[in-house]
Amino acid sequence: MSTDHAPVPRVANRYGAPKPQRTPSAQRRKRNRLLIWTVLAVAVVATGVFSLFAGTPPVSSKDVGFSIEGPNLARVDYEVTKDPAATAQCAVQVLNESYAIVGWTVVTIPPGNPGASIDGRTTSHNTPVRTESEGVTGGVNACWITD
């Protein structure tokens, strides 16, 4: 028995060697990583700047309570937080059961006495509001700093 077999051509000889899989080079991976860290750093800085300028309003208010003293008068208790040297104005309102405004007044909060404040910036106020009909709730609509 003779074993004369013709040599079997290898697949690589017939079709060419397979191309190696392309993987990102170390330089490309380093560049991508640097780009990601740069974008994250810019996002953190932008968030910090936005929070610094938009995080603390110059004046804020907190409703504490109210009392309805009759069909033509209500009292609203609230706290105002602002720079003690600033003058603020607050719009105080009384609403009826249909949420319609039945009483409205604008109150000026003068520069504060640090001894009269809660924490050096927050002061308590009680404002009477005349109403055109009986209200069911009262509170501060908005506050702003005056020039």
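Over all pairs of distinct alpha carbons, what does the Kirkwood formula give as the hydrodynamic radius of the range 48-147, in Å?
By the Kirkwood definition, the hydrodynamic radius is 14.2 Å.
In sequence order, the range 137-143 has phi-based couplings of 7, x, x, 8, 7, 6, 10 Hz under the Karplus curve 6.51 cos²θ - 1.76 cosθ + 1.60, θ = phi - 60°, and Gly or Pro positions carry x. For residue 141 and residue 52, the FRET efficiency from 1/(1 + (r/R0)^6), where r spans their Cβ atoms and R0 equals 25 Å, is about 0.40.
Taking amide H as placed 1.01 Å from N in the peptide plane, the amide H of residue 131 sits under 5 Å from that of 73, 74, each at least 5 places away or on another chain.
Using C-alpha pairs below 8 Å separated by at least 6 residues, the relative contact order for the range 52-110 is 25 percent. What the phi angles of the range 83-95 give under the Karplus curve with 6.51, -1.76 and 1.60, with θ = phi - 60°, is a coupling list of 5, x, 8, 8, 9, 10, 10, 10, 8, 10, 10, 10, 10 Hz, glycine and proline written as x.
Rule-based calculations on the coordinates, nothing more; no lab input. Worth saying up front: this structure is predicted, and the values here are computed from it rather than measured. Note: ideal-geometry Cβ built from the backbone for every residue, glycine included; neighbour counts use all protein chains shown.
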